[in-house]
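Taking it in order: structure first as structure tokens, then the write-up.
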Amino acid sequence: MLSKFTEHIQHYFNNDPDNQNLKKEYDKAFKKYQGLLTKQEQLLRVALYLLLNLSEDTRTELKMRNKNIVHMLVKTLDRENAELLVLVVSFLKKLSIFLENKNDMAEVDTIEKLAKLVPCEHEDLLNITLRLLLNLSFDTGLRNKMVQVGLLPKLTTLLGNEAQKQIAMCILYHISVDDRFKSMFAYTDCIPQLMKMLFECSEERLDAELISFCINLAANKRNAQLICEGNCLKMLMKRALKLKDALLMKMIRNISQHDGQPKHLFVDYVGDLAAQIRQDEEEEFVIECLGTLANLTIPDLDWELVLKEYNLVPYLKDRLKPGSAEDDLILEVVIMLGTVSMDDSCAAMLAKSGIIPALIELLNAQQEDDEFVCQIVYVFYQMVFHQATRDVIIKETQAPAYLIDLMHDKNAEIRKVCDNTLDIIAEYDEEWGKKIQSEKFRWHNSQWLEMVENRQMDEAEPFMYGEDGEPFLHDGDILERPDLFYSADGIIPADGAISPEFFNDFHAQNGDAGQQGFPGSTSGDGFGSTAGTPGRPATAYGYRPDEQFFYGYGSSR
């Protein structure tokens, strides 16, 4: 602002010859001002250097914080002296490692002032500014501000700066952790630069920050489409299979979760992935390969041929045994079974191999783990669609009994899958249908009876009391009134002589309307469907989450 004002004054004097004397006086005053400003900044540098050295003692630093040192330093960021700014930003960086100081920085416009310094010609100032931004980027609110002030495209540009790209990448990685900001990277040249860096990396193991950043971005569908442009997916797959890199395969797995073009590109690599499912491979790598295959919910894919050609059934069955491997690997095997069971011939082959008893055994062992329970029940859900496997599940196993026990599980997703599975079983098997309906009736009415028995008389409900203050009906009186239990507008006699079992053919009893009609029906409970099979969900939760991200540099599910 000062330089623009100076230019305006100079322009005024140069175009008015009568004011030459005023111009000389102005120049003299301006030089004096600049001299004072330089001396002031020199004094500030000395004072701040002294404070910075004193702050090595944390007790002294706390005293500085109590004197509002953070706000004073942030105000100094308005200066233009590069050397002074290096010192101020260095001081702020040192202070930012403490939560209280970071919170003080969040209260003022620290991010806005730092954004003006990115990029800048002074390399040391740029570097220390990026390091301060990296410290602040661990805070969700401050990350939001970084995006709001337009730092995302600026940081993306710095990926081309060899000296600053590592720090810039770390900040961008933190931003990419937030699902709201993943899609914004598609509107920059970030992804092409990252792909170039991936393929130029000659090391056997990729840089942790680089691959973690790519894993996060691949969780967004638009980003995944950009990653797959050209031969990028082919090159990624080739490198991952050659190096057995679990993190690179995790990135590929994130790409495979998106419906449409990204998912269909994997048809050519099903055999390559299936060939990696072996006992002699590292578990982390096999987990990612299994997860990628399990994501390929493509109706035209011949899973029976894949399982036979690569002899996967014995491997999958062995891994279902509790304790045979890490839980993450066993869970991926279960999810894989849910995917391949969509194929009727494949489901029949699995049923003949003894997979269903193995799943029940695993269900007993992992009954406290909701994820395991939900995925195992989903496998049963897929299998009851097919006549051959439906008969095996209903007549030769106790799976329906387990499903009835889980019908009222505290987990909503488990209840949804159980209800839909039991509805199909009830439709095709009269005996189990009676048991399921009876259990639903018992549960429905037991909740109502419990509410009645525990109900407290409240003075706010005068209609429940007589003129003498006594209640019209006691709890015991209500329980002796069968007409209150069965009220079907004349269908059931008020004396309760006919029990609800008399109406077993009415599948919509006890609030079950809208739950019937499988297969092919679509309920309004959020249980999504897969393309090509209306009303049939592609996963245990009815959908694949599009905004799944990888947090941290290690390999995890």
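Tabulated results
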item: Helices (runs of 4 or more DSSP H) completely within region 245-357 that count 1 or more residues being touching a residue at least 40 places away in the same chain (Cβ under 8 Å) and under 17 Å from VAL379 (Cβ atoms); result: 283-295, 303-309, 312-319, 327-340, 344-352
item: Which numbered condition LEU132 fails, given (1) hydrophobic (A, V, I, L, M, F, W, C); (2) closer than 27 Å to MET197 by Cβ; (3) open to solvent by 40 Å² or more (accessible area, probe 1.4 Å); (4) touching a residue at least 40 places away in the same chain (Cβ under 8 Å); result: (3)
item: Count - residues of region 166-191 that are within 16 Å of GLN148 (Cα to Cα), of a type in the set (D, E, K, R) and open to solvent by 30 Å² or more (accessible area, probe 1.4 Å); result: 2
item: Residue identified as loosely packed, with under 15 Cβ neighbours inside 10 Å and within 22 Å of ARG45 (Cβ to Cβ) among GLU123, GLU107, GLU100; result: GLU123
item: Some residue of region 81-93 being of a type in the set (Val, Ile, Thr) and surrounded by 20 or more Cβ atoms within 10 Å (Cβ to Cβ); result: yes
item: Qualifying position, being part of a helix (DSSP H, G or I) and touching a helix residue (DSSP H, G or I) at 6+ places or on another chain (Cβ under 6 Å), among LEU130, LEU126, LEU117; result: LEU130
item: Which listed residue is basic (Lys, Arg), surrounded by fewer than 23 Cβ atoms within 10 Å (Cβ to Cβ), more than 21 Å from TRP303 (Cβ to Cβ) and over 30 Å from the mean Cα position of the chain (by Cα), from LYS410, LYS352, LYS395; result: LYS395
item: Restricting region 148-182 to residues that are of a type in the set (Val, Ile, Thr) and part of a helix (DSSP H, G or I), the residue that is nearest to the chain's Cα centre (by Cα); result: ILE175
item: Residues (open to solvent by less than 10 Å² (accessible area, probe 1.4 Å) and in contact with a strand residue (DSSP E or B) (Cβ under 9 Å, 6 or more places away or on another chain)) located in region 275-305; result: none
item: Subset of region 230-260 [surrounded by fewer than 22 Cβ atoms within 10 Å (Cβ to Cβ) and among the basic types (Lys, Arg)]; result: LYS234, LYS238, ARG239, LYS242, LYS244
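The values are calculated or read from the model by the stated rules, or taken from the named source; none is laboratory data. Computed from a prediction, not measured in an experiment: that's the story for all the values here. All Cβ positions, glycine included, derive from the backbone under ideal geometry; neighbour counts span all protein chains shown. What goes into the accessible areas is simple: the full protein's heavy atoms, side chains included, and nothing from ligands, DNA or RNA. Shrake-Rupley method; radii C 1.70, N 1.55, O 1.52, S 1.80 Å.
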